[in-house]
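So the structure is just underneath, and the comments pick up after that.
The values are calculated or read from the model by the stated rules, or taken from the named source; none is laboratory data. Model, not experiment: these values are computed from the prediction. As a convention, Cβ positions derive from the backbone with ideal geometry for all residues, glycine included, and neighbour counts pool all protein chains shown. All accessible areas refer to the heavy atoms of the entire protein, side chains included, with ligands and DNA or RNA removed. Shrake-Rupley method; radii C 1.70, N 1.55, O 1.52, S 1.80 Å.
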Amino acid sequence: MTDTQEIEIRSLQTIQELEDVRRLESNIWGEHDSTPTHQTVTVVKNGGIMLGAYFNGKLVGFQYSFPGFNGQSMYLCSHMLGIDKMFRNKGIGEKLKQAQRKEAIKLGYSHITWTYDPLESINAYLNITKLGGTCNTYMENCYGEMDDLLNNGIPSDRFLVEWPVLQREGKSYQWKETDMGFVQEKSLIHWEVDEKGFPIPSFSLPLPEQEHTKAFVAIPKDFKSLKEVNMEAARKWRLVTREIFSRLMKQGWHVTDFIRNPEEKMPVQFYMFSRK
């Protein structure tokens, strides 16, 4: 097992380093049209950031970001983070994001934005709980139909994350097993478990009344595996959560926490929404 202390994170600048990133990107997503090196070379020379994660001198992960502008302020647009499949779930993504934050501060950025699939629980826990990002924007089919290994067969809906770079801490409250009964009961999506142990959405509750300040929404614990064995159920989760996430955000709710269920056999985890 890889010790994250053995992972070296460094800024990448040379053509050879960026060519290594291009090859790793192609291996991760299974695409032939990976980001060309001439583009990443130009970006890192003009306010962008490319970070590499190395284990024993081998590139095993990267993070790629470039300047963004919304008409009023500059920010860092975090476009892509990829980890070799043999090195996932070892904390490398968090190390890359924290290094990205430090580099963004050096370059004078006030905040970082990025998108991710809201049904991918590992990414949700990293982005919302560990890093302390927030989200109040739901982007339906953000990138259109994607045919890569990770996104093929399902609409590319995304959350847009906002992360102030001077914010150092994630969420401090640790959800306990005793909290789960309340969270499960209040979830706006309820589910049934199929014969393989995967959750299938069964019904949805109405959105909370105006006096409520918290709302909870269940998502599959392992959406990637669900897609592999039951694409119909995966698409159902996409459409059901799309409706609820969109309606919540239009009514002024935003994502403030992600709750991992301590019960190993529970097939779902939960977003917590709060009112602005």
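Points to keep in mind about this one:
- Those lysines that a straight Cα-Cα span of less than 27 Å connects to Lys45, excepting residues fewer than 8 apart in one chain: Lys58, Lys95, Lys97, Lys102, Lys106
- Ignoring aspartates and glutamates fewer than eight residues from Lys236 along the same chain, the ones with Cα atoms less than 18 angstrom from its Cα are Asp117, Glu120, Glu140, Glu145, Asp157, Glu192, Asp194, Glu195, Asp222, Glu228.
- Per residue, the accessible area of the chain comes to 51 Å², computed with a 1.4 Å probe over protein heavy atoms only.
- Carbon + sulfur, % of accessible area of region 196-262 - ligands and nucleic acids excluded, 1.4 Å: 51
- For Lys102, the solvent-accessible surface with a 1.4 Å probe is about 120 Å², rounded to the nearest 10.
- Residue-by-residue Karplus 3J(HN,Hα) for region 247-262, coefficients 6.51, -1.76, 1.60, Hz, glycine and proline x: 5, 4, 5, 5, 8, x, 8, 9, 6, 10, 7, 10, 10, 8, 6, x
- Taking the three principal axes of the alpha carbon atoms in the chain, the coordinate ranges are 53, 42, 36 Å, sorted in descending order.
- Karplus-derived 3J(HN,Hα), 6.51/-1.76/1.60, for each residue of region 198-204, Hz, glycine and proline x: 8, x, 10, x, 10, 7, 10
- 3J(HN,Hα) along region 233-244, derived from phi through the Karplus expression 6.51 cos²θ - 1.76 cosθ + 1.60 where θ = phi - 60°, amounts to 5, 4, 5, 5, 4, 4, 6, 5, 5, 4, 5, 6 Hz, with x in place of Gly and Pro.
- When Rg and Dmax are taken over the Cα atoms of region 76-214, they come to 17.4, 52 Å.
- Highest average first, the peptides 202-212, 128-138 ordered by how many other beta carbon atoms sit within 10 Å of their residues are 128-138, 202-212.
- Under-5 Å amide H pairs with His79, H placed in peptide plane, nonlocal only: Tyr64, Ser65, Phe66
- Summarised as an ellipsoid, region 53-117 has semi-axes of 25, 13, 9 Å, derived from the eigenvalues of the Cα gyration tensor scaled by 5 and square-rooted, with the largest first.
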